[in-house]
1. Does segment A:522-533 contain at least one residue that is over 26 Å from A:Gly229 (Cβ atoms) and polar (S, T, N, Q)?
2. Restricting segment A:227-269 to residues that are among the β-branched types (Val, Ile, Thr) and either without any contact (Cβ under 8 Å) to a residue 60 or more places away in the chain or assigned to a loop (DSSP other than H, G, I, E, B) (or both), which is surrounded by the fewest Cβ atoms within 10 Å (Cβ to Cβ)?
3. How do the pairs read when you match residues in segment A:67-79 that are over 18 Å from A:Phe3 (Cα atoms) and not assigned by TED's automatic domain parsing to the domain that holds A:Leu470 with residues anywhere that are among the aromatic types (Phe, Trp, Tyr) and at pLDDT below 90, using Cβ under 8 Å and keeping only pairs 6 or more apart or on different chains?
4. Looking at A:Thr83, A:Thr115, A:Thr109, can you tell me which residue is assigned to a helix (DSSP H, G or I) and within 15 Å of the chain's Cα centre (by Cα)?
5. Of all residues in segment A:363-386, how many are closer than 14 Å to A:Thr506 by Cα and either at pLDDT 90 or above or buried (at least 24 other Cβ atoms within 10 Å of the Cβ) (or both)?
6. What number of residues within segment A:340-394 satisfy the criterion of being closer than 30 Å to A:Thr493 by Cβ and either touching a Cys at 6+ places or on another chain (Cβ under 6 Å) or not in a helix (DSSP H, G or I) (or both)?
7. Got at least one residue in segment B:70-93 being aromatic (Phe, Trp, Tyr), touching a residue at least 24 places away in the same chain (Cβ under 8 Å), at the interface with chain A (Cβ under 7 Å from one of its Cβ atoms) and under 22 Å from A:Phe642 (Cα atoms)?
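The values are calculated or read from the model by the stated rules, or taken from the named source; none is laboratory data. Quick caveat: nothing in here was measured; it's all calculated off a predicted structure. No Cβ is skipped: glycine too gets one built from the backbone with ideal geometry, and neighbour counts run over all protein chains shown.
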Amino acid sequence: MAFLILTTLALSPLAAWLGRRSARWAQLLALWPLFLTIWFARGFHSALTNEPLTDRLSWIPSMGLELSFRLDGLSGLFALLVTGIGTCIVVYGAHYFDGHPYSGRFQATLFGFMTAMLGVVLTDNVLALFVFWELTGFTSFLLIGFSHRKSESRRSAIQALIVTGSGGLALLAAAALLVQVTGSESLFTHTQSGELLRAHPFYLPIVLCLLLAAFTKSAQFPFHFWLPGAMAAPTPVSAYLHSATMVKAGVYLVARMSPAVGGTQLWNWTIAAVGAFTMLGAAYRAVQETDLKKILAYSTVSALGTIFFLLGLGTPATLTAAVGYIVAHACYKGTLFLVTGIIDHQTGTRDVARLAGLRRVLPVTAVAGGLAALSMMGLPPFFGFLAKEIAYEAVLAQPLIPQVALGALVLASALLGLCGLLVGYAPFVGELPQDLRETRRASPGLWLGPLLLGTLGTLGLFAGALSTPLEFAARSVVGRALPLELALWHGVTPPLLLSVATVALTLLLYWQRRGIRRFARPRGLNTARLYDGAVGVLDWISLRISRPLQDASLSTYVLVFVVTTGALIGTGLSLSIRVHLPSLVPLRTYEVLIVLLVVAAAITAVRARTTMTAVLSLGTAGYGVALTFLLYGAPDLAMTQFSVETLTAIIFVFVFWQFPKVEETTSRVARIRDGVVSMAFGWYIFVLTLVTAINPTSSGLSSFYAEAAPTLAHGRNIVNVILVDFRALDTLGEITVLVTAAVGVAALLHIASQEKLAR
Amino acid sequence: MELLFALTAGVLYASGLYLMLRRRLAQLIIGLGLLTNGTNILIFTSGGLTRTNAPVLAADALETTEPFADPVPQALILTAIVIGFGVLAFSLVLAHQVHRSSGTDDVGDRQ
């Protein structure tokens, strides 16, 4: 299993190469996800009859990290969604992007995403979960920003990355706490440690972090705004990532962790409340939109809210209903997105007001759209009907808040049904407008995917056969086996009556659809503006910080650097000064004279009117320092310093004789400021030198070198031996630096002489 | 004597920094030279000061005569002097080029 997942990633260069070619070749890429679908179907079946499949791969053995995978009912179901819908998307994408300059990039990123998403749903290691989780966010970022020349795309991509990425950080925090409490990185162990986790003081932070991660990823209020923004992505991406798979990662997380941390008032009420609010709010927003993709985006947010709502109610029946809803939604919503993509691709518009009668030019697409719309409305014999039936039945039976919950669910279902009609039905019926008469028919590669997905909805006909796998998937969430009987006809039951009422309400709303769009949009709930505001404030702050610090003036950089270092050293030094004056080496007159010479030379260099004076002062100071080296047992240093100072002085004179006179161009205030800063820093160095001189740190190195020089290196000058023998490699590096500098100097001088010649 | 060494290092640093904060490249480079000297003094002092013996063995001796100056900082400073020279030479030529192409070595108003 680990091998298959990693192979998907390894195939992405191939996808880039093959994806660049014509659709005929690019669609061959679908063979891999098709193979994976078959493999996971077999895996699901064998997990159903035997034990869950496990596989592990050593990742970073020194840190005890391993990539462990576990295929149980829930993971298997999600893996099937990822690979099955992925197959449709690869074929569809190959035709959608036929001839597009970035088609290879699209397929490669898609394979990367598939790897990450399979990792999320199959891994058993909570840290690997985090890594895969962030990888899905990253690939989503790349795909939203696919048309990277549009500023809207870039903005949406960054927005999605920031919102879901911060949720990912919360997931990391939750993972760290879970490992802390249970002592294990295995998610399976976590689900077995429910008692321990719920009683632990870390329970509250764990739940809050997990929910933050889930709500950001699955676009729940108040983090929902990134998903409609993500519609800037090409439609195949929206269908796959932002409807069928990635946005369900949050749902998966909550379902997966339900046995571990679920079952408390905090968990249930938070999820149910957030889910219900999002479900209703987003459904209301969806029906007001006129852009097909925006309608689908908000209806996806609403559907995700519904799933959270069902998960939050927390009875075995509602958990099962949530799992059923996930499957039904993935099928019909994926189809509708792909249908929208075809409409957009062929007509160039997604405006509901301009689209009608397309069944004449896009007949197969119309069939796919119709199938999906009926499933979304919840009509028999579609899977959507079954999913809604078990949801109604479960909500009716749960003890928490039956009437209110049921009312909310019926209303949201009716609004979502309306969305289905608006996208899958309305564009195809009626009179074909004049400007759409030239619409070209869609190629089979385009309509094949949505038709297949849409037909999957009719699997509701085999309701009985669906019970077993669905129950198996739900068992991972519920924690135990429970009876589930799916059937199209249970007799006249309350759920059936509710279904009839829902469909009636949907049709009523469809009849009045133009009126609904005129309803006001609640501005207070527009959290996207909060996000924009926060980002704006951050921009403003960073601008205020970086402008004064980085004003492109060299002296400012030096000043900032000096003041910062000075402040740090000064604080450290003032805490550590211990000077015992009696231990000082006594003074000698000629040494005092040398030091006075150096000091005088330094001051002259500062006050010099001409560059030449300053150069000579620098030389004098250098000679003075060389003299002190000579007096304190460092003849090598003295010799080197003498020769270097002489050379420097000569070069300086050559270069600077044509320089202008020193004219003070800075203001008096700036000079005083610089003087104070320099003197303060000089004072620090004074204290630092004193402290280090009086407390010399002996590392034992000098005695080692003293002993080893004659015996190991056969040299008598220890300093030389260190340089050419013990630290010979350093000296080699030093020579390299000198050579580089010499080449640089030669090159610059060469340019200069060339320019002179040119003149 | 440590007091005098500290004074030297401090003055070299203060004057070097002040020159580096000016807007002229010539002053910047001279300041850098002073700063290099100050740093060498600082490293030199950190090994402890002794006037008596250089870290060199006499022709026939197997051991150094105690006390001798610490060879480790000396090796470091030797490297620093040479590298400092390289940096100085390169920045000088660079400044020369700036002066040639723009007619001034004032970098204060360059945005």
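1. Here is the first cut: in segment A:522-533, the residues over 26 Å from A:Gly229 (Cβ atoms) are none.
No.
2. A:Thr264
3. Correct list of pairs: A:Gly73/A:Phe472.
4. After applying the criteria, what remains is A:Thr109.
5. 6
6. Number of matching residues: 5.
7. As a first pass, look at segment B:70-93 and keep what is aromatic (Phe, Trp, Tyr): B:85, B:90.
This time we only want the ones that are touching a residue at least 24 places away in the same chain (Cβ under 8 Å), so: none.
Scanning segment B:70-93, I find no residue that is aromatic (Phe, Trp, Tyr), touching a residue at least 24 places away in the same chain (Cβ under 8 Å), at the interface with chain A (Cβ under 7 Å from one of its Cβ atoms) and under 22 Å from A:Phe642 (Cα atoms), so the answer is no.
Residue by residue, here is whether (1) touching an Asp or Glu at 6+ places or on another chain (Cβ under 8 Å); (2) assigned by TED's automatic domain parsing to the domain that holds A:Phe225; (3) loosely packed, with under 14 Cβ neighbours inside 10 Å holds:
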{"residue": "A:Ala481", "(1), (2), (3)": "yes, no, yes"}
{"residue": "A:Glu485", "(1), (2), (3)": "no, no, yes"}
{"residue": "A:Leu498", "(1), (2), (3)": "no, no, no"}
{"residue": "A:Arg518", "(1), (2), (3)": "no, no, yes"}
{"residue": "A:Ile541", "(1), (2), (3)": "no, no, yes"}
{"residue": "A:Asp551", "(1), (2), (3)": "no, no, yes"}
